[in-house]
Ligand code: PEP
Ligand code: MN
């Protein structure tokens, strides 16, 4: 038996609800959709993304400002300038933002301005970071490590809870395997197991699992069918121009279509999708026929 008393269920059907921002709750009947670009690239990009996503029901916006890149020469994120953009998005659209934190220094910069902090795959077992996050009052999105077992993910979550913060959401984002056709292997078995074992909400990131945009929507639907509480998906106004993870980014149109297609799947497993916000109806003034005198 795992020594994770704070994360494992103590009674059947125990389910934590984690609130992000003012109105978004993860773990309830309604599926939570988090979407946005891999990286914050400009204020205009974030504005375009948020404007479109907010009307189709997306409840939180993602965007990295500190990017963990394989190459030290690749774009590392907009840092402080990006934080300012996230802050203005939260204020203007009244939507929570989610962004990755990799160090104590970044934590101090991000904490006052964003609604949810993401621990990336590469840092799932950065125990000193997990302890620090345990001392914050922010909800944490904890992504599964590239090659972490389900038990290791649970224990990483236990670290955060044990240090005082029980607002943890788990995220399955694919694990490494021998097959390089997909970027990672989406482990839906882990989603089912985590939902059975823990009371924490579990969401799925099909974007980093697939690595190819044409696979993302089907994996997203599969994740909801398997009981995920939500999804985090990368999308971009001009996907092929994304500065990072371009190959897996959905267009905003595809994101909108995906939202609609998830409705019947969610209903089939007793969940609901967030309502699309109707664009204000233009009042149509009847046009009087032009009477021309001859
Ligand atoms: C990301 O969300 O952009 C990211 C880097 O994810 P992961 O840590 O799962 O690779
Ligand atoms: Mn990414």
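Taking the C-alpha atoms only, the angle from helix 213-225 to the longest principal axis of the chain is near 70 degrees.
Protection proxy ranking, highest mean first, for peptides 10-18, 211-219: 211-219, 10-18, where packing is the per-residue count of other beta-carbon atoms within 10 Å, averaged.
Helical content of the chain, expressed as a calculated mean residue ellipticity at 222 nm, amounts to -10500 deg cm²/dmol (DSSP H runs of 4 or more residues, -39,500 (n - 2.57) each, divided by residue number, nearest 500). So if R0 is 51 Å, what FRET efficiency would residue 51 and residue 3 give, r being the distance between their Cβ atoms, rounded to the nearest 0.05? Taking R0 as 51 Å, the efficiency between residue 51 and residue 3 is 0.65. Assign one of three labels to the range 18-268, namely rounded, prolate or oblate, based on the Cα gyration tensor with a ≥ b ≥ c the square roots of its eigenvalues; rounded applies when a/c is under 1.5, prolate when it is not and a/b is larger than b/c, and oblate otherwise. Cα axes put the range 18-268 in the rounded bin. Between residue 79 and residue 269, the distance separating the two model label sites (each 7 Å from Cα on the Cα→Cβ line) works out to 4.1 nm.
Roughly what angle does helix 150-162 make with the longest principal axis of the chain, taking Cα atoms, 0 to 90 degrees, to the nearest 10? On a 0 to 90 degree scale, this one is about 90. Angle, helix 79-93 long axis vs. longest principal axis of the chain, Cα atoms, 0 to 90°, nearest 10? That works out to roughly 50 degrees. The distance separating the Cα centre of the range 12-35 from that of the range 100-135 comes to 20 Å. Place a label point 7 angstrom from the Cα of residue 15 along the Cα-to-Cβ direction, then list the residues of the range 201-239 whose backbone nitrogen is under 19 Å away. Under cut-off, by backbone N: 201-205, 221-232. The length gained by stretching the chain between residue 109 and residue 22 to full extension, at 0.36 nm per residue less their Cα-Cα distance, is 29.2 nm.
Taking the Cα centroid of the range 240-277 and of the range 179-236, what is the distance between the two, rounded to the nearest whole Å? So the separation of the two Cα centres works out to 12 Å. Between 204, 25, 98, the residue with the greatest mean-square fluctuation in the GNM of the chain (Cα pairs under 10 Å linked by springs) is 25.
Every read-out reported here was derived from the displayed coordinates using simple, explicitly stated rules and does not represent laboratory data. Computed from a predicted model, the values in this text were never measured in an experiment. Reconstructed Cβ throughout: ideal geometry from the backbone, glycine too, with neighbour counts over all protein chains shown.
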